[in-house]
Amino acid sequence: MRKRTIVATSILLTGAGLAFWIMSGSQTNAGNIDISVSPANGGDARFYNGSSTDPSAQENITDDVVREYGGEILKLNPQGQGLDKPLTLPSDDTLNSIISNATQKQIPVSEFSDKDITITNTTSKDAVRAYLKALNSAEQENTVLYSNYYPTISSYIMTGDSQDIDALIAEISTHVNVLLSIPVPSSWKDFHLNLINLWQRKLVYTKALLTKEDDPIRSASATQSLQALLDQESNLQTTFSILLKNANL
């Protein structure tokens, strides 16, 4: 999958590079050429969990890569040669490095903090039992979400059919709101916040997957970020087991 992404993007950038080269050839001062591309979707905030005024919400990673690749072409062709002269392209290593760095770029996530949840001062067994009961109820209401999340993501990556993904996004959004409404004992606060923010990351990364038409590199980055969440889920499960054992219910 990663190799396909790099190959496909390489073809895209080669075409973009040729366009940059032709543009530079028509300029009297190629070194000062202004290369700018408008963000896809006008920086539509629905692909991010932040305000449309948030600078990160306006960023199109693929556009940034094209600009960087174009800059490398201009460095190698400072005179802005015309169509009658050979075009010097950056090496494959340079191209792969640009793409690799871009796909590893973290997609910003607006995470929740203490002020967003209700923290109870009591840490009694009854309070912990009430919290765990509410948590279990929230999970039971979304058993399909818990069991089908990754299979649905895999299906979308393979088929490109976004119908199930759209439904998944709505379910995650609802689930995050339910988790935010659960009062949590102070001794379980960190776990609860980590759980909410885990789903918040899933929400943001899943939305980012849908940008593959306008920002394919962001979509590829989202895929890698989702893979990294598997370790976070494992760590969270370990934390839950420790807290449950210490609660001695």
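Flag not set for T223, criterion: out of contact with any strand residue (DSSP E or B) (no Cβ under 9 Å at 6 or more places or on another chain), of a type in the set (S, T, Y) and under 30 Å from V184 (Cα atoms). Number of residues in region 159-188 that are open to solvent by 50 Å² or more (accessible area, probe 1.4 Å) and of a type outside the set (G, A, S) equals 9.
Does region 134-153 include one or more residues that are of a type outside the set (F, W, Y) and within 24 Å of S100 (Cβ to Cβ)?
Scanning region 134-153 turns up at least one residue that is of a type outside the set (F, W, Y) and within 24 Å of S100 (Cβ to Cβ).
Note on region 193-249: residues that are surrounded by fewer than 21 Cβ atoms within 10 Å (Cβ to Cβ), not polar (S, T, N, Q) and not in a helix (DSSP H, G or I) amount to 5. Residue count for region 51-93 satisfying the condition of being at pLDDT 85 or above, within 24 Å of the chain's Cα centre (by Cα) and outside any loop (DSSP other than H, G, I, E, B): 9.
Would you be able to say whether some residue in region 158-178 is of a type outside the set (S, T, Y) and in contact (Cβ under 8 Å) with a residue 60 or more places away in the chain?
Looking through region 158-178, none of the residues is of a type outside the set (S, T, Y) and in contact (Cβ under 8 Å) with a residue 60 or more places away in the chain.
For region 137-153, a tally of residues being open to solvent by 70 Å² or more (accessible area, probe 1.4 Å) and aliphatic (A, V, I, L, M) returns 1.
Please pick out the residue among Y131, Y156, Y150 that is out of contact with any Asp or Glu (no Cβ under 9 Å at 6 or more places or on another chain) and closer than 21 Å to A220 by Cα. Outline the logic, then answer.
Numbers: Y131 fails: closer than 21 Å to A220 by Cα; Y156 fails: out of contact with any Asp or Glu (no Cβ under 9 Å at 6 or more places or on another chain).
Among Y131, Y156, Y150, only Y150 is out of contact with any Asp or Glu (no Cβ under 9 Å at 6 or more places or on another chain) and closer than 21 Å to A220 by Cα.
Tell me which residues, restricted to region 114-138, are of a type in the set (D, E) and without any contact (Cβ under 8 Å) to a residue 60 or more places away in the chain.
Here is the first cut: in region 114-138, the residues of a type in the set (D, E) are 114, 116, 126.
Residue satisfying the conditions is D126 alone.
When Y156 is tested against the conditions (1) open to solvent by 70 Å² or more (accessible area, probe 1.4 Å); (2) closer than 30 Å to H175 by Cα; (3) not basic (K, R), the lone failure is (1). Answer with yes or no whether K189 is of a type in the set (D, E, K, R), within 23 Å of E59 (Cα to Cα) and in contact with a helix residue (DSSP H, G or I) (Cβ under 8 Å, 6 or more places away or on another chain). Answer is no for this residue.
Scanning region 95-132 for residues that are more than 28 Å from Y205 (Cβ to Cβ), outside any loop (DSSP other than H, G, I, E, B) and open to solvent by less than 70 Å² (accessible area, probe 1.4 Å) yields T120, A127, V128, A130.
What residue, of L145, L180, L135, is touching a helix residue (DSSP H, G or I) at 6+ places or on another chain (Cβ under 9 Å), at pLDDT below 90 and assigned to a helix (DSSP H, G or I)?
On the way: L180 fails: at pLDDT below 90; L135 fails: at pLDDT below 90.
Just one listed residue meets the conditions, L145.
Considering only residues in region 206-215 that are of a type outside the set (K, R) and more than 10 Å from D63 (Cα to Cα), the one that is nearest to the chain's Cα centre (by Cα) turns out to be A208.
The values are calculated or read from the model by the stated rules, or taken from the named source; none is laboratory data. In this text, all values refer to a predicted model and were calculated from it rather than measured experimentally. Please note: Cβ atoms are built from the backbone with ideal geometry, for glycine as well, and neighbour counts cover all protein chains shown. For the accessible areas, the whole protein counts, side chains as well, though only heavy atoms, and no ligand, DNA or RNA atoms are used. Shrake-Rupley method; radii C 1.70, N 1.55, O 1.52, S 1.80 Å.
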